[in-house]
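Take a look at the structure set out below.
The values are calculated or read from the model by the stated rules, or taken from the named source; none is laboratory data. All figures in this text were calculated on a predicted structure; none of them were measured in a lab. Backbone-built Cβ (ideal geometry, glycine too); neighbour counts: all protein chains shown.
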Amino acid sequence: MDMLRSFIPEFRSGSRDDEFLVSIVDEAHALVNPEHVEGRGKHGFAVAFGPQAYHTIRCSTVTVFLLDAQQGFRDQENTTFDDLQKWASELGVEHFDTISLDGCQFRCNGSKEYVDSIDAMFGSEHVALPQPETRRAVSYEVEAEPTLRAAEEIDALAPNLRLLRKTPHFAVEIFTHLPDMEQHLRSQVEKGDNCRLLASYSRAWKTKSVARPHGLPADLMDFDFTLNVAGQERRWSRIWNYAPKLDYTFFVQAPAGSMMNKDQLCEVGCPYVVRGFDFDHVGLLWLEDLVWRKDRWVVQPEHVHETGIKRLVSAAKREPDLHGPAHQRLLQPVQQAYRILLTRAIKGLSIWCADQETASHLRTTFASEGS
């Protein structure tokens, strides 16, 4: 560390042992750990100096890591609970306690049933953290206050809305036509709600380096569909979340003067940008990267453009068997990306699915939960 401080003046402050009293790290699973091969490379962090979390522990008297393995989906997001425990032991930490927040997160207007149904849909199981034998269990109570903006006038929503059982203030709707979904979302914006269009990494980010992407011709935008609506062809085009200098607040917060402030539905957000954030209504573009075939989920690697899992994508593309081990390894992060997107809404989720067999499966899945 002395060498680090001598070469890089910025590290002279904030790099000494126990320099901070308390450090709180959210999304700790996304910290880079070069001790694993996935954490090596260029990630905006000097991996030669070791794991990010190791130095966070070293520089803090007390460190709190908020970690949820189900929110990570990139190769380099590889810091695990076992890693933290090992580094704490190496650094001589006197107390290493774990507290499970299972059931305490307020997502989807408090609809634990809905979140559980998403986990069940992808066949995932909750992994509980080990609890020290000497630690007394902590009881939590979560009360939904009126300020959480519970949905109003549920009966006035679209007649084909599929409401999940025991979730009177959270709704899921599967749309046949993309323009209909957009119209539904715009009606919510007119009521004063915030809305976002989201998608997984099923399209390449062609407009990443474009200074003014909103003015591009339709065929140069990241999303460009030719749709058949009532016998007529209709074009629908959007760009990925505009992020000058990788500043994603333009999409998340829609600050005054931004294009998102003028039109909340003029861009499409990705899992990386929106994880950790919630919006009143979400419109999800479910595209060709994850499809349902007969009795199982299938990942189509030619439609996966997430650069953070290039190694998995390349391996799956070389494998002819759609159900082979390389495809199964790629399937997990793609499903996880969808899980993130499916749990960003507070009041209601709208889905438009490009693949008919997948759309039919989604309708059956959500209808089976309906009242």
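It is to be established whether one or more residues within region 256-264 are in contact (Cβ under 8 Å) with a residue 60 or more places away in the chain, polar (S, T, N, Q) and surrounded by 14 or more Cβ atoms within 10 Å (Cβ to Cβ). Yes.
Within region 233-245, identify whether any single residue is in a loop (DSSP other than H, G, I, E, B), assigned by TED's automatic domain parsing to the domain that holds I340 and among the aliphatic types (A, V, I, L, M), and answer yes or no.
Checked against the condition, which is being in a loop (DSSP other than H, G, I, E, B), assigned by TED's automatic domain parsing to the domain that holds I340 and among the aliphatic types (A, V, I, L, M), region 233-245 yields at least one hit.
Output the residues belonging to region 280-289 that are crowded, with 20+ Cβ neighbours inside 10 Å and either in contact with an Asp or Glu (Cβ under 9 Å, 6 or more places away or on another chain) or not in a strand (DSSP E or B) (or both). Even if it seems obvious, please write down each step before you answer.
As a first pass, look at region 280-289 and keep what is crowded, with 20+ Cβ neighbours inside 10 Å: 280-287, 289.
Answer for region 280-289, where residues must be crowded, with 20+ Cβ neighbours inside 10 Å and either in contact with an Asp or Glu (Cβ under 9 Å, 6 or more places away or on another chain) or not in a strand (DSSP E or B) (or both): D280, H281, G283, W286, L287, D289.
When N33 is tested against the conditions (1) under 21 Å from the mean Cα position of the chain (by Cα); (2) modelled with pLDDT under 80, the lone failure is (2).
Has region 290-304 got at least one residue that is under 19 Å from L178 (Cα atoms) and outside any helix (DSSP H, G or I)? Yes - at least one qualifying residue is present in region 290-304. Against the numbered list (1) in a loop (DSSP other than H, G, I, E, B); (2) touching a strand residue (DSSP E or B) at 6+ places or on another chain (Cβ under 7 Å); (3) closer than 28 Å to T365 by Cβ, V268 comes up short only at (1).
Any residue at all in region 307-327 that's assigned to a helix (DSSP H, G or I), closer than 21 Å to D119 by Cα, at pLDDT below 95 and in contact with a strand residue (DSSP E or B) (Cβ under 9 Å, 6 or more places away or on another chain)? Walk me through how you get there before you give the answer.
Narrowing region 307-327 to residues assigned to a helix (DSSP H, G or I): 307-317, 325-327.
If we keep only those that are closer than 21 Å to D119 by Cα too, we end up with 327.
Applying the additional criterion that residues be at pLDDT below 95 yields none.
Within region 307-327 (the criterion being assigned to a helix (DSSP H, G or I), closer than 21 Å to D119 by Cα, at pLDDT below 95 and in contact with a strand residue (DSSP E or B) (Cβ under 9 Å, 6 or more places away or on another chain)), the answer is no, since none of the residues qualifies.
If we scan region 265-273, do we find a residue that is at pLDDT 95 or above and touching a Cys at 6+ places or on another chain (Cβ under 8 Å)? Checked region 265-273: at least one residue is at pLDDT 95 or above and touching a Cys at 6+ places or on another chain (Cβ under 8 Å). Right, L220: of a type in the set (A, V, I, L, M, F, W, C), out of contact with any helix residue (DSSP H, G or I) (no Cβ under 7 Å at 6 or more places or on another chain), over 28 Å from I309 (Cα atoms) and assigned by TED's automatic domain parsing to the domain that holds G308 or not? Criteria not met by L220.
Does T249 fit the bill of being in contact with a helix residue (DSSP H, G or I) (Cβ under 8 Å, 6 or more places away or on another chain) and more than 22 Å from V172 (Cβ to Cβ)? Explain how you work it out, then say what you get.
Working: in contact with a helix residue (DSSP H, G or I) (Cβ under 8 Å, 6 or more places away or on another chain): no; more than 22 Å from V172 (Cβ to Cβ): yes.
In short, no.
Per the conditions (1) in a loop (DSSP other than H, G, I, E, B); (2) in contact with a Lys or Arg (Cβ under 8 Å, 6 or more places away or on another chain); (3) under 12 Å from V273 (Cα atoms), the sole criterion not satisfied by D193 is (3). For the condition at positive phi and not acidic (D, E), A230 qualifies. Scanning region 329-371 for residues that are farther than 27 Å from N109 by Cα, more than 20 Å from the chain's Cα centre (by Cα) and assigned to a helix (DSSP H, G or I) yields Q356, E357.
What about P333, is it closer than 23 Å to W205 by Cα, in contact (Cβ under 8 Å) with a residue 60 or more places away in the chain and crowded, with 21+ Cβ neighbours inside 10 Å? Let's see the steps before the verdict.
Working: closer than 23 Å to W205 by Cα: yes; in contact (Cβ under 8 Å) with a residue 60 or more places away in the chain: yes; crowded, with 21+ Cβ neighbours inside 10 Å: yes.
When the stated conditions are applied, P333 passes them.
If you go through region 216-251 and keep only what is exposed (fewer than 13 other Cβ atoms within 10 Å of the Cβ) and among the acidic types (D, E), you end up with D219, E233, D247. V229 fulfils the conditions (1) more than 23 Å from D280 (Cα to Cα); (2) without any contact (Cβ under 8 Å) to a residue 24 or more places away in the chain; (3) not aromatic (F, W, Y) except for a single criterion, (2).
A quick yes/no check of all residues on (1) crowded, with 17+ Cβ neighbours inside 10 Å; (2) at pLDDT 75 or above; (3) over 24 Å from E306 (Cα atoms):
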| position | (1), (2), (3) |
| --- | --- |
| F49 | no, no, yes |
| Q52 | yes, yes, no |
| I57 | yes, yes, yes |
| I99 | no, yes, yes |
| F106 | no, no, yes |
| E113 | no, yes, yes |
| V138 | no, no, yes |
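Among the residues examined, Q300 qualifies as free of Cβ contacts under 8 Å to residues at least 24 places away in the same chain and under 20 Å from the mean Cα position of the chain (by Cα). Among the numbered conditions (1) within 24 Å of V172 (Cα to Cα); (2) part of a strand (DSSP E or B), tell me where G276 comes up short. Checking G276 against (1) within 24 Å of V172 (Cα to Cα); (2) part of a strand (DSSP E or B), the one that fails is (2).
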